[in-house]
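**Q** Have a look at the structure that comes next, please.
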Amino acid sequence: MAGGPATTRAAALSPAPQLTWRLLERGHGQIPISAEELSRAADPAFSGARGRGVRVCIVDSGVEGEHPLVGEIKGSWAVVKEGTELAVRPVEHHDACGHGTACASVVRRVAPECEIYSVKVLGERFSGTGAMLLAGLRWAVEQGFDVINMSLSTTRTRYADELRALTDQAFFQRSVIVASAHNTPVESFPWRFSSVISVGSHGEDDADLHLYNPNPPVEFFAKGNNVQVGWLGGSTLRTTGNSFATPYIAGLCARILSKYPKMTVFQVKGALYLAAANVHVDHVRGTHVVETGGAPS
């Protein structure tokens, strides 16, 4: 049975939520911020960081317990209907359809020492609702997980405003939401919001290569074609989709935060940008050059 969520990096770093509209009563000396020195953040390997101490929450179909490609799951919860309301309750480690286990296995490969948690919002045959997605994501954000993997989205525009407010909350509390772009060119959420890190697939063979996209709306590309992932019953399969590129970037975020735990979300985006295979630092002019020719459109 899943235990309660541990204190997270985000919760430890962030003060109690408080809106600030102006700064007239205090000076800069009263709001000191401890930050990271990022001169080496362009290292694609992040100096051997392996995700230690970083808590990654998979908001999906659940994660299968004891899967050999996933290993230990620190806690599992599910969105359930209680009367007319939705609630999040602890459950046994279980995956309804395999999708969440697949995502968790990619995260584990990239960041082998991170802590993996699960919130189930999808059922059998990948069924779910926008309301369940929203409830599961809201709960994950409220727990202050360091990284939240969202390899799913909703096309229901009535949830857009609530999702936008929620992803903004995560952004300012330093919870990194990594969200999958839809596999077809349709509007869906939350990946379309700038407060999250949005991910699509590239078609290159290198499973450890990611690209920055200079053309909106997707920010980063990772391998999502013919990816080997964990599946139900301890099995594996090869599958394709933006869903499986997204946890690669989530794993990179865990590695970055294990090396630079004081980073904000926009700094994590900057580190991913600098480490992308198509971004090269021009030390002579002090500018960054993005090679657009090899990036998917």
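The values are calculated or read from the model by the stated rules, or taken from the named source; none is laboratory data. From a predicted model like this one, the values you see are computed outputs, not experimental measurements. Quick reminder, even Gly has a Cβ in these numbers, built from the backbone with ideal geometry, and neighbours come from all protein chains shown. For accessibility, only protein heavy atoms count, side chains too; no ligands or nucleic acids. Shrake-Rupley method; radii C 1.70, N 1.55, O 1.52, S 1.80 Å.
**Q** Sort out which residues of region 267-294 are at pLDDT below 60 and among the polar types (S, T, N, Q), and write them in order of number.
**A** Thr287, Thr292
**Q** Among (1) more than 25 Å from Val80 (Cβ to Cβ); (2) modelled with pLDDT under 95; (3) out of contact with any helix residue (DSSP H, G or I) (no Cβ under 8 Å at 6 or more places or on another chain), where does Arg164 come up short?
**A** Only one criterion in (1) more than 25 Å from Val80 (Cβ to Cβ); (2) modelled with pLDDT under 95; (3) out of contact with any helix residue (DSSP H, G or I) (no Cβ under 8 Å at 6 or more places or on another chain) is unmet by Arg164, namely (2).
**Q** Check Arg158, Arg192, Arg164 and return the single one that is touching a Pro at 6+ places or on another chain (Cβ under 7 Å) and among the basic types (Lys, Arg).
**A** Working: Arg158 fails: touching a Pro at 6+ places or on another chain (Cβ under 7 Å); Arg164 fails: touching a Pro at 6+ places or on another chain (Cβ under 7 Å).
Only one candidate passes the filter, namely Arg192.
**Q** Does Ser180 count as over 24 Å from Asp95 (Cα atoms), in contact (Cβ under 8 Å) with a residue 12 or more places away in the chain and in contact with a helix residue (DSSP H, G or I) (Cβ under 6 Å, 6 or more places away or on another chain)?
**A** On the way: over 24 Å from Asp95 (Cα atoms): no; in contact (Cβ under 8 Å) with a residue 12 or more places away in the chain: yes; in contact with a helix residue (DSSP H, G or I) (Cβ under 6 Å, 6 or more places away or on another chain): yes.
Here the answer is no, as Ser180 does not meet what is asked.
**Q** Do you know which residues across region 224-275 are touching a Cys at 6+ places or on another chain (Cβ under 9 Å) and among the hydroxyl-bearing types (Ser, Thr, Tyr)?
**A** The answer is Ser243, Thr246, Ser258.
**Q** Sticking with this structure for a sec: Scanning region 66-86 for residues that are hydrophobic (A, V, I, L, M, F, W, C) and in a strand (DSSP E or B), which turns out most open to solvent (accessible area, probe 1.4 Å)?
**A** The first filter runs over region 66-86 and keeps only residues hydrophobic (A, V, I, L, M, F, W, C), leaving 69-70, 73, 77-80, 86.
If we keep only those that are in a strand (DSSP E or B) too, we end up with 73, 77-80, 86.
On the way: Ile73: 15, Trp77: 13, Ala78: 8, Val79: 10, Val80: 47, Leu86: 70 Å².
Ranking the qualifying residues of region 66-86, first place goes to Leu86.
**Q** Within region 226-240, count every residue that is surrounded by 16 or more Cβ atoms within 10 Å (Cβ to Cβ) and assigned to a loop (DSSP other than H, G, I, E, B).
**A** 1
**Q** Here is a follow-up. Could you run through region 167-191 and say how many residues are at pLDDT 95 or above, open to solvent by 10 Å² or more (accessible area, probe 1.4 Å) and not acidic (Asp, Glu)?
**A** Selection size over region 167-191: 7.
**Q** Mind listing whichever residues of region 102-143 are touching a residue at least 12 places away in the same chain (Cβ under 8 Å) and among the small types (Gly, Ala, Ser)?
**A** Ala102, Ala104, Ser105, Ala111, Ser118, Gly123, Gly128, Gly130, Ala131, Ala135, Gly136, Ala140
**Q** Pairs only if they're at least six apart or on different chains, beta carbon under 9 angstrom, first in region 43-65 and closer than 16 Å to Glu142 by Cα and open to solvent by 20 Å² or more (accessible area, probe 1.4 Å), second acidic (Asp, Glu) and not in a loop (DSSP other than H, G, I, E, B); list them, first residue then second.
**A** Arg55/Glu115
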